[in-house]
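Report on the structure given below.
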Amino acid sequence: GRNDGFRPSIIGVQQDWYEFMVFDRWGLLVFSTSDPFQAWNGGMNNSGDVLTQDVYVWKLRAKDQFTPEKQEFIGSVTLLK
């Protein structure tokens, strides 16, 4: 019931310019969405099976309503079971 999903939180995101991706340590895409309200649940493509406990890299491409530029953010998240 706590921290069941991971997603970036952006104020004023333009929904037609949003892409959130999560990769494993070898660069395999394990999750991708264009819905700013959909979170990654720790499974491959949000399946029921949780991936191995590890550090995953996330990438966000987005545009907010306040600036004309698209932005790209990269970070990491640790998946714990």
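By the compact-protein rule of thumb, 2.2 N^0.38 Å, the alpha-carbon radius of gyration of the range 22-81 corresponds to a ratio of 1.23. Please compute the contact order of the chain in relative form: average sequence separation of alpha-carbon pairs under 8 Å and at least six residues apart, divided by the residue count, as a percent. Averaging sequence separation for qualifying contacts and normalising by length gives 30 percent for the chain.
Averaged over its residues, the chain has an accessible area of 69 Å² per residue, based on protein heavy atoms and a 1.4 Å probe. Which FRET efficiency, nearest 0.05, do Gln14 and Lys81 yield, Cβ-Cβ r, R0 22 Å? E between Gln14 and Lys81, to the nearest 0.05, is 0.05.
In order along the range 43-49, phi translates into HN-Hα couplings of x, 5, 6, 6, 6, x, 7 Hz, rounded to whole numbers, per the Karplus curve 6.51 cos²θ - 1.76 cosθ + 1.60 with θ = phi - 60° and x for Gly and Pro. Proximity of backbone amide H atoms, modeled 1.01 Å from N, is registered between Val30 and Val22, Phe23, Asp24 at under 5 Å, excluding neighbours fewer than 5 places apart on the same chain.
Considering only chymotrypsin sites (Phe, Trp or Tyr not before Pro) in DSSP loops that have at most 16 other Cβ atoms within 10 Å, the longest stretch of the chain without any of them is 38-65.
Note on the chain: dipole from Cβ charges, positive end direction compared against Ile10, Leu80, Ser47; the farthest Cα belongs to Leu80. Share of carbon and sulfur in the accessible area of the range 35-81 stands at 54%, probe radius 1.4 Å. Using Cβ point charges alone (K and R +1, D and E -1), the dipole size of the chain about the Cα centre works out to roughly 160 debye.
The values are calculated or read from the model by the stated rules, or taken from the named source; none is laboratory data. Keep in mind that what you see is a predicted model, and the values were worked out from it rather than measured. Neighbour counts run over all protein chains shown; Cβ positions are idealised from the backbone, glycine included. Areas reflect the complete protein model, heavy atoms only, side chains present, ligands, DNA and RNA absent. Shrake-Rupley method; radii C 1.70, N 1.55, O 1.52, S 1.80 Å.
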